[in-house]
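One structure is given below, encoded as structure tokens.
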Amino acid sequence: MISALAWVRKGAAAEKPTTYEMTEEEYTRIQGIAALEIEDAKKELKEKSKLDDEILNDPALKDFDLDKYDDSDHDSDQEEAEGSAHVFSKIKGLSYYKEGEEDPYITFKDGEEDLEEDEADEVRIFGSDNLLLVAKTEDDISNIEVCVFEGESDNLFVHHDFMLPAFPLALEWLDYRVGRKAQEPGGGSYVAVATFEPRIEIWDLDTMDGMYPDLVLGCMDKKQLRKCRGKPHAEFHTDAVMSLS
């Protein structure tokens with residue numbers, strides 16, 4: 001299902017999009033985001049366990065022996081939460097090398113420049129190309145597809161995409177830099193994404209294989225959001241963001 005579209009004018013996109021790189025600064029930023037999400041998951045699991053205990057201790061339900069009914073599900077939930085806590089603890093061990101010659105796993109050296117040139121040509125976006133941003137959801141998985149439209153050959157294809165945490169409702173293209181590249185000179189090419197979550201994500205369209213948005217606008221504290229869900233707040237959204245402008 002396509003829920004939103006946005007058009008990017010000619011010449012706005014970088015001719016050679018960069019590939020996402022895990023730098024020390026980016027690692028720290030992602031670790032902070034992940035820590036908040038993991039903490040929220042732990043709180044939700046604790047609240048669920050507390051509610052389960054209240055239900056199991058209800059005298060009217062004692063005969064059903066519910067305390068043994070979902071032992072396996074409860075254990076798997078705990079294992080999942082504990083496993084999630086370590087998801088990003090190993091990222092730092094995934095070392096990268098600025099120079100290919102330093103990487104012990106790269107065994108070929110000849111023709112490396114030619115290979116890089118070929119790969120760069122495959123993802124090159126020309127000044128005559130338009131970009132179409134497509135918000136899609138299939139089988140409960142939502143993403144944004146960055147499509148290139150070649151007007152001369154009347155050809156439309158998906159250049160790259162990135163995953164979203166919730167169903168997308170609206171898109172708005174931005175021509176200025178934010179987040180990691182906010183201090184760099186010149187304009188940028190970003191998309192603001194509104195979803196059923198009470199936050200707005202801003203993604204860099206000139207970066208491929210991005211793991212997280214460059215900027216998130218909204219409250220990250222789920223406990224605070226639950227308290228004011230559906231009620232107007234002066235500083236952040238409290239429910240789904242229906243439109244952008």
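The values are calculated or read from the model by the stated rules, or taken from the named source; none is laboratory data. The structure presented is a predicted model; accordingly, all values stated were derived computationally and were not measured. We place every Cβ from the backbone using ideal geometry, glycine too, and count neighbours over all the protein chains shown. Surface accessibility is based on the protein's heavy atoms, side chains included, excluding ligands, DNA and RNA. Shrake-Rupley method; radii C 1.70, N 1.55, O 1.52, S 1.80 Å.
Look at segment 1-24: where a residue is under 17 Å from V158 (Cβ atoms) and open to solvent by less than 50 Å² (accessible area, probe 1.4 Å) and a partner is among the aromatic types (F, W, Y) and outside any strand (DSSP E or B), sitting 6+ places away or on another chain with Cβ atoms under 7 Å, you get S3/F167. Selection over segment 132-174 of residues that are over 16 Å from the mean Cα position of the chain (by Cα) and open to solvent by 80 Å² or more (accessible area, probe 1.4 Å) gives a count of 5.
Among the strands (runs of 3 or more DSSP E) contained in segment 117-224, which hold 3 or more residues that are over 27 Å from L45 (Cβ atoms) and hydrophobic (A, V, I, L, M, F, W, C)?
Details: elements: 130-138, 141-150, 155-164, 168-174, 190-195, 200-204, 215-217.
Per the criteria, 130-138, 141-150, 155-164, 168-174, 190-195, 200-204.
Scanning segment 225-242 for residues that are surrounded by 10 or more Cβ atoms within 10 Å (Cβ to Cβ) and among the small types (G, A, S) returns a single hit, A240. Residues of segment 97-113 include at least one that is under 22 Å from G210 (Cβ atoms), of a type outside the set (K, R) and either open to solvent by 90 Å² or more (accessible area, probe 1.4 Å) or at pLDDT below 70 (or both).
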